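The block underneath contains the structure these notes are about, expressed in structure tokens.
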Amino acid sequence: MTFGWQLTREDSREECFVVDAMLGRLAKWLRVMGYDTTYSPSMSDPEAIREAKARGAVLVTRDKGLAAKARAEGVETVLVGEDLESQLKELADRGYIDLRIDLERTRCPLCNAKLVRVERVRVRRLIPEAVANRYEDFWFCPRCRKVYWPGSHLRAMRALLKRLREQIKGG
Ligand SMILES: [Zn+2]
């Protein structure tokens, strides 16, 4: 059974998404969780459909009209609810995502580039001193040159994902 679960998990990690213009918060979460996620607040419906088709991506939307149009064009589409937690659970329930953050796969929440793990000495000048003193591991976005570290924000995200996993197991 463990093998089957792992297989699903590996498969789901390769999933990539196009997220509609209303779902900016979900897009950031998917990127941090390691999923290749196309999102732009200015992306139109036809652009979203075209992009999903071109990349073989799953389209995630809150918009029934867009979902219907995308499905009519053969795009795999997930229609999600209004709040972030229900959106994440919906995607996990259907086997598209694993509700965990793997820092080896994490992507920049702002631009979707894969983050690179860097040593503290290489980013020291880019971060506040208190942060440099407190953390050893840092991640760097090669595209927007932003530095990330596993601070309170990441802990809060992990706590929420753990809670969602328990809800799914319990339900
Ligand atoms: Zn970036």
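Only the coordinates and a few stated rules stand behind these numbers; no lab work does. In this text, all values refer to a predicted model and were calculated from it rather than measured experimentally. Here Cβ is always computed from backbone atoms with ideal geometry, including for glycine, and neighbour counts include all displayed protein chains.
The residues in segment 137-162 that are more than 17 Å from the chain's Cα centre (by Cα), within 26 Å of Asp83 (Cα to Cα) and either in a helix (DSSP H, G or I) or within 16 Å of the ligand (Cβ to nearest atom) (or both) can be counted, and the count is 1. Of everything in segment 49-79 that is among the small types (Gly, Ala, Ser) and closer than 16 Å to Asn112 by Cα, the residue that is surrounded by the most Cβ atoms within 10 Å (Cβ to Cβ) is Ala52.
Scanning segment 102-126 for residues that are away from the ligand (no atom under 16 Å from the Cβ) and among the hydrophobic types (A, V, I, L, M, F, W, C) returns a single hit, Val121. Checking each residue of segment 30-51 against the condition of being without any contact (Cβ under 8 Å) to a residue 40 or more places away in the chain, closer than 28 Å to Arg165 by Cα and of a type in the set (A, V, I, L, M) gives no match.
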